[in-house]
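Colleague: Next up is a structure, given as structure tokens.
The values are calculated or read from the model by the stated rules, or taken from the named source; none is laboratory data. Since the model is a prediction, treat every value here as computed from it, not as a measurement. A quick note on method: Cβ atoms are made from the backbone with ideal geometry, for glycine too, and the neighbour counts reach across all protein chains shown. What goes into the accessible areas is simple: the full protein's heavy atoms, side chains included, and nothing from ligands, DNA or RNA. Shrake-Rupley method; radii C 1.70, N 1.55, O 1.52, S 1.80 Å.
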Amino acid sequence: MKKIINDPSQVVTEMLDGLAYVHSDLIHRVEHYDIIAKNTEKTGKVAIISGGGSGHEPSHAGFVGDGMLSAAICGAVFTSPTPDQVLEAIKEADEGAGVFMVIKNYSGDIMNFEMAQDMAEMEGIEVASVVVDDDIAVEDSLYTQGRRGVAGTILVHKILGDAARAGQSLSEIKALSQQLVPHIHTVGLALSGATVPEVGKPGFVLADDAIEFGIGIHGEPGYRREKMQPSKALAEELVTKLIGSIEVQTGDQFGILINGMGATPLMEQYIFANDLKVLLEKQGIQVVYKKLGNYMTALDMAGVSLTLIKLADPTWLESLSSPVQTIAW
């Protein structure tokens, strides 16, 4: 294993210290906790928080700032943050109007965030949440009941963050989240596995000429392994899978998020995007919003995911396009 690290057991601590050092104009690390919080002054609005295991950078700390998250909790690599960490993030983020938690659908995350919610409410802080389950690749996987939460979570951060900045109440944001999440679908593929520093070897190994469709962001199994194919064929597989999962009617507008898994060069992501353009136009998919880059990674996994969001409400497009001040958006 070749990594630019010191002690494998200290990678999260040292990463967060480095993150806070480089981006001290936007964020700070909460002392004694693995929490990144925004620097902006509190204005009495609902706070949006999220988090999960580390190793998915820039998620979620990279989306802390004006217009998106108030705080992000960073667990150990591929491991849910503990309830006390989540509770501290709730207290740090609270502006008096309540705190809304965006939780990816993993059993540990749900259990620990809900425990923290109970503790926060005992201290008089109103908390609500939504569980994001955008990964349509498999219905049940390791660590989940139902579909996994993956890159589409970032779009939830953006839209709910904009709603909070506009002054919507906790109940309004809860209702918005319940409308929004069913319209976000994601599927991905892997060319190689991810190496957790404390393990020292990839979580799974693919042959030099093999790929896996539907892989999870922690290396969970997908739905099919095949021989390596040209980008056009990979794009067609993902588009076909997504189109089969979401109802498309004449006049519908969509957004797409092309997400690198950590070790995929931007050159390859843009080639993939060029192939998507042809396929989506052929399917009659009207794309009015596009985003490409590394947003929800899996350490050094090579691969890509594609998220399709049906913009059922025109305000969602406005929210996606609104300016923010964060590290990674």
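Colleague: In nm, give the distance between the simple-model label positions of Lys290 and Val205, each being 7 Å from the Cα along the Cα-to-Cβ direction.
Modeller: 3.9 nm
Colleague: OK, next. Probe radius 1.4 Å, ligands and nucleic acids ignored: give me the carbon and sulfur share of the accessible area of the chain as a rounded percent.
Modeller: Percent of accessible area from carbon and sulfur atoms in the chain: 52.
Colleague: Putting +1 on Lys and Arg Cβ atoms and -1 on Asp and Glu Cβ atoms, find which of Gly75, Val132, Ile49 reaches farthest to the positive end of the dipole of segment 47-136.
Modeller: Of Gly75, Val132, Ile49, it is Gly75.
Colleague: Quick one: what Rg and Dmax do you get for segment 4-49 from the alpha carbons, in Å?
Modeller: Final numbers for Rg and Dmax: 12.9, 41 Å.
Colleague: Rank these by accessible area, largest first, 1.4 Å probe: Trp316, Trp329.
Modeller: Of Trp316, Trp329, the descending order of accessible area is Trp329, Trp316.
Colleague: For His32 and Gln145, what is the calculated FRET efficiency with R₀ set at 51 Å and r taken between the beta-carbons, to the nearest 0.05?
Modeller: 0.95
Colleague: Run the numbers on segment 211-296 and let me know its relative contact order in percent, using alpha-carbon pairs under 8 Å that are six or more apart.
Modeller: Relative contact order, segment 211-296: 32 percent.
Colleague: Out of segment 191-282, which GluC sites (Glu not before Pro) are coil in DSSP terms and have no more than 14 other C-beta atoms within 10 Å?
Modeller: Loop-located and lightly packed - Glu198, Glu247.
Colleague: Roughly what % antiparallel, to the nearest 5, for the DSSP beta bridges in segment 1-94?
Modeller: Counting only bridges with both partners in segment 1-94, antiparallel ones make up about 45 percent.
Colleague: Right, another one. Which whole-number value in Å² is the accessible area per residue of segment 178-233, probe 1.4 Å?
Modeller: Normalised by residue count, the accessible surface of segment 178-233 is 47 Å².
Colleague: I need the phi-derived Karplus couplings for segment 95-108: 6.51 cos²θ - 1.76 cosθ + 1.60, θ = phi - 60°, integer Hz, Gly and Pro marked x.
Modeller: Rounded to whole hertz, the list is 10, x, 9, x, 10, 10, 9, 9, 10, 6, 7, 10, 4, x.
Colleague: Right, another one. Search the structure for amide H atoms under 5 Å from the amide H of Thr264, placed 1.01 Å from N in the peptide plane, and list their residues when 5 or more places away or on another chain.
Modeller: Counting only residues 5 or more places away or on other chains, the set is Gly303.
Colleague: Still on this structure: Nearest 20 debye, what's the magnitude of the dipole of the chain about its Cα centre given +1 on Lys and Arg Cβ and -1 on Asp and Glu Cβ?
Modeller: 900 debye
Colleague: Here is a further query. Just to confirm the filter: which GluC sites (Glu not before Pro) across segment 1-56 are DSSP coil and have at most 13 other Cβ within 10 angstrom of their Cβ?
Modeller: Glu31, Glu41
Colleague: Kindly write out, for segment 196-207 in residue order, the coupling ³J(HN,Hα) from the Karplus curve 6.51 cos²θ - 1.76 cosθ + 1.60 (θ = phi - 60°), rounded to whole Hz, with x marking Gly and Pro.
Modeller: The phi angles translate into 6, x, 6, 8, x, 8, x, x, 8, 10, 10, 4 Hz.
Colleague: Relative contact order for segment 1-119: what is it in percent, counting Cα pairs under 8 Å that are at least 6 residues apart?
Modeller: Once divided by the residue count of segment 1-119, the mean separation gives 25 percent.
Colleague: If each of Tyr270 and Ile5 carries a label point 7 Å out from its Cα toward its Cβ, how far apart are those two points in nm?
Modeller: 3.2 nm
Colleague: In the chain, what % of DSSP beta bridges are antiparallel (nearest 5)?
Modeller: Antiparallel bridges make up about 50 percent of those DSSP assigns within the chain.
Colleague: Excluding ligands, DNA and RNA, what is the solvent-accessible area per residue of segment 117-171 at a probe of 1.4 Å, expressed in Å²?
Modeller: So segment 117-171 comes to 39 Å² accessible per residue, rounded to a whole number.
Colleague: Can you tell me the relative contact order of the chain? Whole percent, Cα pairs under 8 Å, sequence separation 6 or more.
Modeller: Value for the chain: 18 percent.
Colleague: What is the Cα coordinate range of segment 243-312 on the first, second and third principal axes, sorted by size from largest, in whole angstrom?
Modeller: 39, 20, 20
Colleague: Between (i) 60, 47, 42; (ii) 53, 51, 36; (iii) 60, 46, 39, which entry matches Cα extents along the principal axes in Å as derived from the coordinates of this structure?
Modeller: (ii)
Colleague: If Lys and Arg each add +1 and Asp and Glu each add -1, what is the summed charge of the other residues whose beta carbon sits under 10 Å from the beta carbon of Ala210?
Modeller: Summing Lys/Arg as +1 and Asp/Glu as -1 gives -2.
Colleague: Also, I was wondering about something else. As a check on your grasp of the helix formula, calculate [θ] at 222 nm for the chain: sum -39500 (n - 2.57) over DSSP H runs of n ≥ 4, divide by the residue count, round to the nearest 500.
Modeller: Rounded to the nearest 500, the figure is -9500 deg cm²/dmol.
Colleague: Excluding residues fewer than 8 places away in the same chain, name every one of the lysines whose C-alpha is closer than 18 Å to that of Lys104.
Modeller: Lys158, Lys174
Colleague: Okay, moving on. At a probe radius of 1.4 Å, what is the per-residue accessible area of Ser9, in Å² to the nearest 10?
Modeller: 60 Å²
Colleague: Among the lysines, select those whose C-alpha is under 27 Å from the C-alpha of Lys3, and discard any that sit fewer than 8 residues away in the same chain.
Modeller: Excluding near neighbours in sequence, the set is Lys201.
Colleague: What does the accessible area per residue of segment 31-114 come to in Å², with a 1.4 Å probe and no ligands, DNA or RNA counted?
Modeller: The answer is 29 Å² per residue.
Colleague: Set the Förster distance to 45 Å, then compute FRET efficiency between Tyr223 and Thr43 from the Cβ-Cβ distance, nearest 0.05.
Modeller: 0.50
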